[in-house]
Ligand code: F6P
């Protein structure tokens, strides 16, 4: 293999730059030319593709976001759109591509592989929602951001006998909420996996106030479950706490990646290049029990993860 491309797709995640750097440097040091594809699959279709050098990926390991830009391109499901993209790759002699992104990006990578361009996916998303891998690139950094914010909210909540309702990202995956709940000693965690019974949560908050005599309560809730501002009002109306809602939003996607994310991204980038050099495509790189492995993309999207249940049980035993 002589030429590969690399792109970032979907929501950006801290550590994507470290992954781009690793792919580029490992490939160049193995005698492979590397091309950066800008703004995900959109740039591939539009031919916005430029060579990357050792230097052009210098000084980025500590930077959040993605040097290549990212985008979502739902039209990539359409095979005629993919054919245009493949034409652009052929023009430049690019034989294979590393796709850094979430599960939507993996579907595109699989479709391209089936059309003759070997692709390897790297899990770049703060959501930690790719079931083949214990961790995704960006999750650890986003978790640090959430924990930092919740620690601060706890200070002011205690002073004012408040309940802080904190909405975190994660799409439909509760990992950010659950890990943050564990790390911050939250009173309640609500995720798609726990379900949300509003009256039951309010009842528990009354118990924290009246029976457990808590000065504050922290409720960490995944996005897309309820209107947290309305919920905070109900807390003020029906419990002894006054409720306040904070939506952390896109602040969770930014910032300098943690050392854990940088190192994991580097290990994963190396693995992606090694797989392509072996002529393998249609796989995604995953970390399992601290080993970096390649997993077929179809499988990757459907493996249940037992560890989540264990963490939820732990949370319940710590409250
Ligand atoms: O997948 C990452 C993510 O930040 C999700 O947590 C969130 O639901 C979504 O992207 C937000 O997307 P956008 O940046 O397009 O608003």
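Among the residues of the range 105-128 satisfying the criterion of being within 16 Å of the ligand (Cβ to nearest atom) and part of a loop (DSSP other than H, G, I, E, B), which is surrounded by the most Cβ atoms within 10 Å (Cβ to Cβ)?
Result: 126.
Filter the range 209-233 for residues that are crowded, with 17+ Cβ neighbours inside 10 Å and touching a strand residue (DSSP E or B) at 6+ places or on another chain (Cβ under 7 Å) and give the result.
Selection gives 216, 217, 218, 219, 220, 221, 222, 223, 225, 228, 231, 232.
Hey, residue 138 hits all of (1) away from the ligand (no atom under 14 Å from the Cβ); (2) under 27 Å from residue 34 (Cβ atoms); (3) in contact with a strand residue (DSSP E or B) (Cβ under 9 Å, 6 or more places away or on another chain) but one; which does it fall short on?
Condition not satisfied by residue 138: (1).
Where residues in the range 13-44 are outside any helix (DSSP H, G or I) and touching a helix residue (DSSP H, G or I) at 6+ places or on another chain (Cβ under 6 Å), which of them is farthest from the ligand (Cβ to nearest atom)?
Checked the range 13-44; the qualifying residue farthest from the ligand (Cβ to nearest atom) is 34.
Identify, by number, the condition in (1) touching a strand residue (DSSP E or B) at 6+ places or on another chain (Cβ under 8 Å); (2) modelled with pLDDT under 95 that residue 104 doesn't meet.
Status for residue 104: all satisfied but (1).
Search the range 294-315 for residues being out of contact with any helix residue (DSSP H, G or I) (no Cβ under 8 Å at 6 or more places or on another chain) and modelled with pLDDT of 95 or more, and hand back the single one that is farthest from residue 132 (Cα to Cα).
My answer is 296.
Restricting to the range 221-250, what's the tally of residues that are within 14 Å of the ligand (Cβ to nearest atom) and in a helix (DSSP H, G or I)?
Total meeting the criteria: 2.
The values are calculated or read from the model by the stated rules, or taken from the named source; none is laboratory data. From a predicted model like this one, the values you see are computed outputs, not experimental measurements. Cβ atoms come from the backbone with ideal geometry, glycine included; neighbour counts cover every protein chain shown.
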